[in-house]
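J.: Right, I'll just put the structure down here and ask away after.
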Amino acid sequence: MVKNAFSHIRYWVFDLDNTLYHPSARLFDQIEDRMTNYMIDRLGIDPTKASDLRKDYWRNHGTTLAGLMQDHDIDPDPFLLDVHDISLAHLEHDPKLAAGIDALPGHKIVYTNGTAPYARRVLAARGLSNLFDDVYGVEHANYRPKPEAAAFETVFAKAGIVGEIAAMFEDDPRNLAVPHAMGMQTIHVAPAPHTQDHIHHHTDDLADFLERLT
């Protein structure tokens, strides 16, 4: 019974994008377009080159920003402010998800490779504000991204996360490897499952999964 696997959990870590809202909202389409345009403007490259480079940096560095910082000395704050300036008008409140998060016992945080201000905007648009003890963005990890171990270690130290009694919900399977190594329960939230050793559970409906826990 899945509920038994979480009876000891007192720290709950949630990714934001494509985890606390369904991927069908396609917020990343907007973000990726803004990233590509930012790179065109700042690096003086054509749209195809910018799009290819954006994807390459995400694959090999964890985030496009990490690659831009390493190879082009991009200032992270203006970049992050620009690319997260997107419309959230089509996001809807999710009372069932809110109730499921609220019912979890213990300390609850959001940890995203986006920024904390952007995360708070998304939470408000989803009706999830005031359910979390804190919100951490890439800025809190010194701009190092998940899946880097140092990023998790920095944020979890600030949040006081104890791995052996913690769980992490995340749509990107590579971002669950370090939490698994820390002794956390790992939950992959996505339409299709990944059968990897560092993933304990999969769900395509986070609200339903949380209801089963409480």
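The values are calculated or read from the model by the stated rules, or taken from the named source; none is laboratory data. Predicted, not measured: the structure shown is a model, and the values here were computed from it. Cβ coordinates were reconstructed from backbone atoms using ideal geometry, including for glycine residues, and neighbour counts include every protein chain displayed. Note: areas computed on protein heavy atoms with side chains; ligands, DNA, RNA excluded. Shrake-Rupley method; radii C 1.70, N 1.55, O 1.52, S 1.80 Å.
J.: Could you identify the single residue in 77, 33 that is closer than 30 Å to residue 12 by Cβ and at pLDDT 95 or above?
T.: Values: 33 fails: closer than 30 Å to residue 12 by Cβ.
Matching residue, one of 77, 33: 77.
J.: Looking only at the range 158-176, which residues are over 14 Å from the mean Cα position of the chain (by Cα) and either part of a helix (DSSP H, G or I) or charged (D, E, K, R) (or both)?
T.: Selection gives 158, 159, 163, 164, 165.
J.: Out of 155, 122, I need the residue that is of a type in the set (A, V, I, L, M), open to solvent by less than 30 Å² (accessible area, probe 1.4 Å), in contact with a helix residue (DSSP H, G or I) (Cβ under 6 Å, 6 or more places away or on another chain) and under 24 Å from residue 62 (Cα atoms). Which one?
T.: Numbers: 122 fails: in contact with a helix residue (DSSP H, G or I) (Cβ under 6 Å, 6 or more places away or on another chain).
Only one candidate qualifies: 155.
J.: Go through the residues of the range 25-38 one by one and say whether even a single one is closer than 30 Å to residue 165 by Cβ, in contact (Cβ under 8 Å) with a residue 60 or more places away in the chain, part of a helix (DSSP H, G or I) and not polar (S, T, N, Q).
T.: Within the range 25-38, none of the residues are closer than 30 Å to residue 165 by Cβ, in contact (Cβ under 8 Å) with a residue 60 or more places away in the chain, part of a helix (DSSP H, G or I) and not polar (S, T, N, Q).
J.: Does the range 6-17 contain any residue that is on the phi < 0 side of the Ramachandran plot, in contact (Cβ under 8 Å) with a residue 40 or more places away in the chain, more than 18 Å from the chain's Cα centre (by Cα) and open to solvent by 30 Å² or more (accessible area, probe 1.4 Å)?
T.: The first filter runs over the range 6-17 and keeps only residues on the phi < 0 side of the Ramachandran plot, leaving 6-17.
Those left that are additionally in contact (Cβ under 8 Å) with a residue 40 or more places away in the chain: 6, 8-17.
If we keep only those that are more than 18 Å from the chain's Cα centre (by Cα) too, we end up with 6, 8-10.
If we keep only those that are open to solvent by 30 Å² or more (accessible area, probe 1.4 Å) as well, we get 8, 10.
So far as the range 6-17 goes, yes, one or more of its residues are on the phi < 0 side of the Ramachandran plot, in contact (Cβ under 8 Å) with a residue 40 or more places away in the chain, more than 18 Å from the chain's Cα centre (by Cα) and open to solvent by 30 Å² or more (accessible area, probe 1.4 Å).
J.: Which residue is surrounded by the most Cβ atoms within 10 Å (Cβ to Cβ), if the candidates are limited to the range 127-152 and must be among the small types (Gly, Ala, Ser) and closer than 22 Å to residue 21 by Cα? Step through it out loud before you land on a result.
T.: Residues of the range 127-152 among the small types (Gly, Ala, Ser): 127, 129, 137, 141, 149-151.
Filter once more, so that each one left must be closer than 22 Å to residue 21 by Cα: 127, 129, 137.
Details: 127: 15, 129: 14, 137: 22.
Per the stated criteria, the residue is 137.
J.: Limited to the range 46-95, what total is found for residues that are open to solvent by less than 40 Å² (accessible area, probe 1.4 Å), of a type outside the set (Ser, Thr, Tyr) and without any contact (Cβ under 8 Å) to a residue 24 or more places away in the chain?
T.: The qualifying residues number 4.
J.: How many residues does the range 175-199 contain that are surrounded by fewer than 16 Cβ atoms within 10 Å (Cβ to Cβ), farther than 16 Å from residue 21 by Cβ and either touching a residue at least 40 places away in the same chain (Cβ under 8 Å) or among the aliphatic types (A, V, I, L, M) (or both)?
T.: Looking only at the range 175-199, we keep the residues that are surrounded by fewer than 16 Cβ atoms within 10 Å (Cβ to Cβ), and these are 181, 183, 191-197.
Now restrict to residues that are farther than 16 Å from residue 21 by Cβ: 181, 183, 192-197.
Next, from what is left, pick out any that are either touching a residue at least 40 places away in the same chain (Cβ under 8 Å) or among the aliphatic types (A, V, I, L, M) (or both): 181, 192.
Number of matching residues: 2.
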